[in-house]
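Heads up: the structure comes next, in structure tokens.
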Amino acid sequence: MSTATTTASTLSGARAAERRLPLWHLLLTGAASLVLAALVLATFGNLSIVGVILLGYVLHLVVTYVYSRVREGRRWAADRVVMLLVIGAFAIALFPLLSLLWKVIVEGGSRVVKAAPHPFAFWTSDMSGVIGGADAGGVLHAAIGTLLITFWASVISIPIGLFTAIFLVEYSSTGWKRTLAKGVTFLVDIMTGIPSIVAGLFGLALFLAFMPDQSVRMGIMGSVALSLLMIPTVVRSSEEMLRLVPLDLREAAYALGVPKWLTVVRVVLRTAIAGLTTGITLAIARVIGETAPLLLTVGMVTGVNWSMFDGRMATLPTFINQQYRAGKANCMSDTVTNVVNGDVYSCSITTNIDRAWAAALTLIVIVMVLNIIARLISHYFSPKLSR
Amino acid sequence: MAAPQPITVEDLNIYYGDFLAVEDVNVTIQPRSVTALIGPSGCGKSTFLRTLNRMHEVIPGAYAKGTVEINGENIYAQGVDPVNVRRRVGMVFQKANPFPTMSIRDNVLAGVKLNNRRISKRDADELVESSLKGANLWNEVKDRLDKPGMGLSGGQQQRLCIARTIAVRPEVVLMDEPCSALDPISTLAIEDLIHELKDNYTIVIVTHNMQQASRVSDRTGFFNIAGTGKPGHLIEFDDTEKMFTNPENKQTEDYISGRFG
């Protein structure tokens with residue numbers, strides 16, 4: 001033991017042997033644990049990849065602790081183990097997400113790309129005239145329905161939600177406004193917990209109260225039902241974001257002789273815009289996949305319907321539900337012929353289920369595109385801090 | 001512009017809800033001069049400062065009673081719009097607060113742009129240059145006017161805030177401990193600036209630093225508080241030189257000589 005290490009060990013108050021090992025030691029113990037796990041499982045005749053990884057991980061925790069304890073000391077051993085636990089938690093959190101994406105891409109991807117009669121026809125055709133097990137049809141009508149209904153739900157919810165948040169943060173400091181704000185906050189909290197099916201029933205009942213024909217279904221009914229789910233999310237997230245804007249900035253604007261409403265519009269909203277778009281996107285993403293309220297209020301059709309006020313509409317979640325429930329198709333022969341126009345399609349037993357997966361992929365793509373747009377907005381409008 | 005008149009404060013009582021924070025202030029602030037307000041924390045000097053441009057009432061429940069005459073007009077008279085008062089009485093805050101979404105140039109033009117007023121590019125360029133020169137910042141930032149204001153150093157940010165304030169051409173500039181977060185060099189830059197600004201503006205500055213008060217101000221007011229929960233009072237108001245050499249009030253003498261506070 002050299003003098004230098006002795007001095008160092010006195011300073012750190014630990015044994016002289018305590019020093020960090022390079023990372024490859026950890027990788028090595030990890031590999032050893034995996035091999036050990038494989039051997040153990042093979043002995044019991046239960047060899048599987050998942051088993052090896054799980055057992056290997058647990059073994060690695062033990063091995064790392066013991067190895068690090070001997071070579072690095074107690075504190076570093078604890079550090080190593082906690083690091084492994086964090087990595088493990090991260091992997092567990094990520095696994096469902098990645099496997100979900102993988103599954104949807106694998107199951108839906110080929111149906112989207114290799115659609116008949118031409119690639120990506122799945123996104124340009126609807127389900128009118130598609131019968132039996134025909135390997136045809138697409139989600140154009142459902143995608144349009146989803147986008148329209150979500151768009152109008154957003155048109156209803158974003159102003160209401162944003163203005164409510166502005167009232168709560170900027171205009172409700174004293175007197176009766178304060179009481180009103182407390183009431184509003186309470187109601188918003190309750191609204192957050194409304195089950196989506198209840199929102200759907202409410203949207204339906206609201207419209208049917210004014211309709212002579214009780215079987216009427218319209219896109220706008222779905223939008224109203226969805227906005228019921230969206231408003232509380234928008235209020236909550238916007239409120240948080242507006243509260244994050246420092247009071248300093250408001251005062252700076254007031255001190256320049258800027259009226260309050262302009263301060264709110266040009267300073268507060270402008271500063272919070274990144275957070276606001278993120279919150280609104282999350283609210284949209286929350287409702288875009290809603291099935292139950294749309295099943296009740298807008299139903300299902302096979303063709304494109306552009307009108308929000310005229311008849312039923314298809315939407316992606318209900319389409320997925322419908323197709324998946326249809327299950328396996330009956331294929332009497334290799335082809336299916338449309339008796340109306342004489343088109344001939346190949347018959348596929350799994351066509352309905354394929355379409356359901358492909359529609360799920362479409363929905364994910366739409367949500368992803370919306371997210372990217374929101375990211376771009378936040379990126380270009382967020383406060384610039386760099387030099 | 002007409003010859004500037006003093007700011008006259010009469011019987012001013014300042015409240016936070018039911019709580020009387022500052023009681024019965026009577027003072028006359030000379031135009032085109034620097035007036036410093038000193039006193040221990042919580043004595044109401046910042047509160048008083050904020051009543052001079054009606055920023056006080058921005059805080060929920062806060063209000064003031066009395067008269068504050070600026071250029072012969074009582075800013076607390078019925079029907080006076082605080083927004084108009086603030087256009088004439090600018091304010092610089094303790095913490096530099098440039099708008100984070102704006103470039104240096106836009107920060108200077110904030111008073112114009114946030115009010116949706118149209119301004120030609122040439123006028124805007126002139127205003128930016130004159131205001132930044134007025135705040136002794138032009139040479140440091142003239143090559144990066146389009147860069148974010150938040151990218152500047154603390155002292156530069158504070159001078160940017162001063163430029164932003166003088167760009168709306170106020171008559172009075174209020175400063176609430178403008179140097180308390182700055183290093184000595186930046187502080188010196190701002191003190192020099194205050195000296196230059198007093199040729200054109202009436203300046204009222206709140207400071208905790210008594211050396212600073214004695215360096216920059218022509219007249220000084222000393223605020224004190226009898227105890228927690230009691231209202232603050234303006235104890236003494238006089239020429240700075242007299243305040244720091246031969247104050248009339250025992251409390252002032254104790255505070256300035258460091259016996260308390």
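Table for the structure above
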read-out	value
Subset of region B:205-261 [open to solvent by 80 Å² or more (accessible area, probe 1.4 Å) and of a type in the set (Ser, Thr, Tyr)]	B:THR228, B:THR245
Residue match in region B:248-258 (condition: on the phi > 0 side of the Ramachandran plot, of a type outside the set (Phe, Trp, Tyr) and outside any strand (DSSP E or B))	yes
Breaking point among (1) touching a residue at least 12 places away in the same chain (Cβ under 8 Å); (2) more than 10 Å from every other protein chain (Cβ to nearest Cβ), for A:TRP261	(1)
Test: residue in region A:336-351 that is β-branched (Val, Ile, Thr), assigned by TED's automatic domain parsing to the domain that holds A:HIS141 and at pLDDT 90 or above	no
Hits in region B:32-45 - residues which are in contact with a strand residue (DSSP E or B) (Cβ under 8 Å, 6 or more places away or on another chain) and open to solvent by 30 Å² or more (accessible area, probe 1.4 Å)	B:ARG32, B:GLY42
Qualifying positions in region A:299-327 - in contact with a Lys or Arg (Cβ under 6 Å, 6 or more places away or on another chain), farther than 13 Å from A:HIS141 by Cα and in a loop (DSSP other than H, G, I, E, B)	none
Meets criteria (buried (at least 16 other Cβ atoms within 10 Å of the Cβ) and within 21 Å of the chain's Cα centre (by Cα)) for A:THR277	yes
Residue tally, condition touching a residue at least 24 places away in the same chain (Cβ under 8 Å) and either in a helix (DSSP H, G or I) or within 14 Å of chain B (Cβ to nearest Cβ) (or both), over region A:210-253	27
Residues being closer than 15 Å to A:VAL234 by Cα, among the small types (Gly, Ala, Ser) and not in a helix (DSSP H, G or I) - total across region A:142-198	1
Any hit, region A:370-378, residues being over 21 Å from the mean Cα position of the chain (by Cα) and either within 14 Å of another protein chain (Cβ to nearest Cβ) or open to solvent by 80 Å² or more (accessible area, probe 1.4 Å) (or both)	no
Pairs, first not hydrophobic (A, V, I, L, M, F, W, C) in region A:268-287, second not in a helix (DSSP H, G or I), C-beta under 7 Å, six or more apart	A:ARG270/B:THR101; A:THR271/A:VAL245; A:THR271/A:PRO383; A:THR271/B:PRO100; A:THR271/B:THR101
Every residue from region B:143-173 that is farther than 28 Å from B:LEU49 by Cα and free of Cβ contacts under 8 Å to residues at least 12 places away in the same chain	B:ASP143, B:GLY151
Search result, residues across region B:78-91 that are within 8 Å of another protein chain (Cβ to nearest Cβ) and either crowded, with 24+ Cβ neighbours inside 10 Å or at positive phi (or both)	B:ARG86, B:GLY90, B:MET91
Any chance A:TRP261 is part of a loop (DSSP other than H, G, I, E, B) and not charged (D, E, K, R)	no
In region B:147-183, residue nearest to the other protein chains (Cβ to nearest Cβ) [restricted to those that are hydroxyl-bearing (Ser, Thr, Tyr) and open to solvent by 10 Å² or more (accessible area, probe 1.4 Å)]	B:SER153
The one condition in (1) assigned to a helix (DSSP H, G or I); (2) out of contact with any Pro (no Cβ under 6 Å at 6 or more places or on another chain) that B:ASN136 fails to fulfil	(1)
Qualifying positions in region B:95-120 - of a type outside the set (A, V, I, L, M) and either assigned to a helix (DSSP H, G or I) or more than 9 Å from every other protein chain (Cβ to nearest Cβ) (or both)	B:ARG105, B:ASP106, B:ASN107, B:GLY111, B:LYS113, B:ARG117, B:ARG118, B:SER120
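Every residue, every condition in (1) closer than 20 Å to B:ALA226 by Cα; (2) among the basic types (Lys, Arg); (3) not in a strand (DSSP E or B), yes or no:
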residue	(1), (2), (3)
B:GLN5	no, no, yes
B:ASP11	yes, no, no
B:ILE14	yes, no, no
B:VAL22	yes, no, no
B:ASN26	yes, no, no
B:LEU37	yes, no, no
B:CYS43	yes, no, yes
B:GLU57	no, no, yes
B:VAL68	no, no, no
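A quick yes/no check of all residues on (1) surrounded by 16 or more Cβ atoms within 10 Å (Cβ to Cβ); (2) touching a strand residue (DSSP E or B) at 6+ places or on another chain (Cβ under 7 Å):
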site	(1), (2)
A:GLY108	yes, no
A:ALA115	yes, no
A:PRO119	no, no
A:ASP126	yes, no
A:ALA136	yes, yes
A:VAL139	yes, no
A:ALA143	yes, no
A:THR146	yes, no
A:THR150	yes, no
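The values are calculated or read from the model by the stated rules, or taken from the named source; none is laboratory data. Quick caveat, the model's predicted, so the values are computed rather than measured. In this analysis, Cβ positions are derived from the backbone assuming ideal geometry, glycine residues included, and neighbour counts consider all displayed protein chains. For accessibility, only protein heavy atoms count, side chains too; no ligands or nucleic acids. Shrake-Rupley method; radii C 1.70, N 1.55, O 1.52, S 1.80 Å.
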